[in-house]
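The block underneath contains the structure these notes are about, expressed in structure tokens.
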Amino acid sequence: MAFVLPDLPYAKDALVPYMSAETFEFHHGKHHLAYVNKANELAAGTEFESMSLEQAAVATKKTGNQKLFNQIGQIYNHNLFWLSMAPNAGGSRMPGTLEKKIAEDIGGFDALRAALIDKGTTQFGSGWAWLVMDNATGKLEVLNSANAETPLTDNKTPLLTCDVWEHAYYIDYRNARPKFLEAWIDHLANWEFAAAQLEKGPMKIAA
């Protein structure tokens with residue numbers, strides 16, 4: 001089973017003016033595709049070749065196959081990133097179940113917004129900002145991770161993620177990562193998707 005590049009869930013210009021079609025041309029069409037191609041090359045003939053993306057992420061991390069994990073992690077993270085955005089989204093309006101859970105575990109939308117901006121801004125170098133559910137406690141958390149790392153391998157269920165690698169925002173925002181994060185939360189964050197992830201419950205990945 002080959003790893004594949006998913007189609008975007010919207011047109012390349014659907015998120016203008018907050019994310020340009022040119023950014024998608026490079027980010028989805030080149031960066032993401034390169035991870036898919038390299039992962040298929042490295043996985044060919046190995047046990048990982050027949051695994052789902054999630055299984056391969058956990059297995060490569062567990063076995064210390066960092067070279068392949070880097071590609072798999074980036075595919076998974078980017079797949080989620082595209083789904084974490086939608087046209088005419090973001091802001092404080094969100095499904096009631098998610099809004100209630102955020103209030104209980106994080107302190108409400110303003111606290112969530114501040115935490116995501118802080119985690120994304122203070123992530124040194126390349127990485128990601130996350131809204132996740134801890135599988136053991138069921139509580140929501142805001143995290144950051146470096147490079148291709150993903151909370152998926154730490155027994156957490158990702159609900160939403162923002163890419164803070166420079167290639168995610170440099171065309172549109174140059175070096176202003178905080179402005180990108182603000183625009184992402186206020187205008188792009190797909191709370192409907194996050195709520196659906198929450199409704200599914202803890203992610204169970206077969207060993």
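The values are calculated or read from the model by the stated rules, or taken from the named source; none is laboratory data. Remember, it's a predicted structure, so these values are computed and weren't measured experimentally. Heads up, the Cβs are rebuilt from the backbone with ideal geometry, glycines too, and the neighbour counts pull from every protein chain shown.
Residues in the range 79-97 that are among the polar types (S, T, N, Q) and not in a loop (DSSP other than H, G, I, E, B): Asn79, Thr97. Taken over the range 43-52, residues that are on the phi < 0 side of the Ramachandran plot and surrounded by fewer than 20 Cβ atoms within 10 Å (Cβ to Cβ) amount to 6.
Here is the figure for the range 63-78: residues that are part of a helix (DSSP H, G or I), touching a residue at least 12 places away in the same chain (Cβ under 8 Å) and surrounded by fewer than 20 Cβ atoms within 10 Å (Cβ to Cβ) total 2.
Among the candidates Ala2, Ala14, single out the residue that is at pLDDT 95 or above and either surrounded by fewer than 20 Cβ atoms within 10 Å (Cβ to Cβ) or not in a loop (DSSP other than H, G, I, E, B) (or both). The unique qualifying residue is Ala14. Lys101 fulfils the conditions (1) under 26 Å from Ala11 (Cα atoms); (2) surrounded by 15 or more Cβ atoms within 10 Å (Cβ to Cβ); (3) touching a helix residue (DSSP H, G or I) at 6+ places or on another chain (Cβ under 8 Å); (4) not aliphatic (A, V, I, L, M) except for a single criterion, (1).
Matching residues to (1) of a type outside the set (A, V, I, L, M); (2) free of Cβ contacts under 8 Å to residues at least 60 places away in the same chain; (3) under 19 Å from Ser92 (Cβ atoms); (4) buried (at least 21 other Cβ atoms within 10 Å of the Cβ):
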| site | (1), (2), (3), (4) |
| --- | --- |
| Ala129 | no, yes, yes, yes |
| Met133 | no, no, no, yes |
| Ala136 | no, yes, no, no |
| Ala148 | no, no, no, yes |
| Asn155 | yes, yes, no, no |
| Asp163 | yes, no, no, yes |
| Tyr170 | yes, yes, no, no |
| Asn175 | yes, yes, no, no |
| Asp186 | yes, no, yes, no |
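For the range 26-62, a residue qualifies if it is assigned to a loop (DSSP other than H, G, I, E, B) and either closer than 17 Å to Lys204 by Cα or under 17 Å from the mean Cα position of the chain (by Cα) (or both), and the qualifying residues are Met51, Ser52. The condition (being among the acidic types (Asp, Glu), closer than 23 Å to Leu143 by Cα and in contact (Cβ under 8 Å) with a residue 60 or more places away in the chain) is satisfied by just one residue among Glu22, Glu104, Glu54: Glu54.
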